[in-house]
Amino acid sequence: MGDAHVELRSVTKTYGPVRALVGVSATFEAGAVTMVLGANGSGKSTLLSILGTLTSPSSGTVSHGALGRRRSAVRSVLGWVGHDSLCYADLSGRENVELAARLHGVDPARAFEAARSRFELGPFAERPFRTYSRGQRQRIALARALVHAPRLLLLDEPTTGLDAGGVDRLAAVLDEEAKGGAVVVVVTHDEAFAARAGSTRMILERGRRRAPG
């Protein structure tokens, strides 16, 4: 599996006069579920975007180790769940999952059957995505992100809209992915979920990494 990790060294990200991240250094290891916490505007989503190569730091370095040196290589092993589900509103949940599978060269029928079991996708998966509740949308988004067994899994507030059973399922999935060798990083405001599902945590405060304690 190699040295799967993401390492940030003195990473700063600015948007004009705004400094979203300031001199952040951290290593995110395979096999761990890292919870990233902090107030709104602390730089959490910017950090996630840099880890996923969706944006570049203004200064500092980012290394993805065995995940790949090129952006295209990292993105091929990236699973992403953000505020936008990245699903097509007029396709069904099944069709969205199967489309993602095809794009990654995975058998679509097999991918959907695995997702149906893993995320307890009921009859709603045959309806258009636009008709779903927030929790149903989140379940399909998670299923879509995992069709290709990503080695780098990044999630931004993944418990939003999930009921207690959905949160239980999510915690189990994160544990399974980490044990399978993925680098898992989760941005959350949910302290209880972070304590329950995370193996390590990182706190950001006004764009800086806060020391433990």
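The values are calculated or read from the model by the stated rules, or taken from the named source; none is laboratory data. Because the structure is predicted, anything quoted here is derived from the model rather than measured. So basically every Cβ, Gly included, is an ideal-geometry build from the backbone, and we count neighbours across all protein chains shown.
Table: residues versus (1) of a type in the set (D, E, K, R); (2) surrounded by fewer than 19 Cβ atoms within 10 Å (Cβ to Cβ); (3) in contact (Cβ under 8 Å) with a residue 60 or more places away in the chain.
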residue	(1), (2), (3)
GLU7	yes, yes, no
MET35	no, no, yes
ASN40	no, yes, no
SER56	no, yes, no
HIS64	no, no, yes
ARG75	yes, yes, no
LEU78	no, no, yes
ALA109	no, yes, no
ALA115	no, no, no
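Are any residues in region 129-149 among the aliphatic types (A, V, I, L, M) and either over 18 Å from PHE28 (Cβ atoms) or assigned to a loop (DSSP other than H, G, I, E, B) (or both), and if so, which ones?
Selection gives ILE140, ALA141, LEU142, ALA143, LEU146, VAL147, ALA149.
Please enumerate the residues belonging to region 80-94 that are free of Cβ contacts under 8 Å to residues at least 60 places away in the same chain and either surrounded by fewer than 19 Cβ atoms within 10 Å (Cβ to Cβ) or touching a His at 6+ places or on another chain (Cβ under 8 Å) (or both).
Of everything in region 80-94, those that are free of Cβ contacts under 8 Å to residues at least 60 places away in the same chain and either surrounded by fewer than 19 Cβ atoms within 10 Å (Cβ to Cβ) or touching a His at 6+ places or on another chain (Cβ under 8 Å) (or both) turn out to be ASP84, LEU86, TYR88, ALA89, ASP90, LEU91.
Taking the criterion of being crowded, with 17+ Cβ neighbours inside 10 Å, in contact with a helix residue (DSSP H, G or I) (Cβ under 9 Å, 6 or more places away or on another chain), in a helix (DSSP H, G or I) and in contact (Cβ under 8 Å) with a residue 12 or more places away in the chain, would at least one residue in region 150-159 satisfy it?
No, there is no match, as no residue in region 150-159 is crowded, with 17+ Cβ neighbours inside 10 Å, in contact with a helix residue (DSSP H, G or I) (Cβ under 9 Å, 6 or more places away or on another chain), in a helix (DSSP H, G or I) and in contact (Cβ under 8 Å) with a residue 12 or more places away in the chain.
From the list LEU67, LEU8, which residue is modelled with pLDDT under 95 and either assigned to a loop (DSSP other than H, G, I, E, B) or not charged (D, E, K, R) (or both)?
Matching residue, one of LEU67, LEU8: LEU67.
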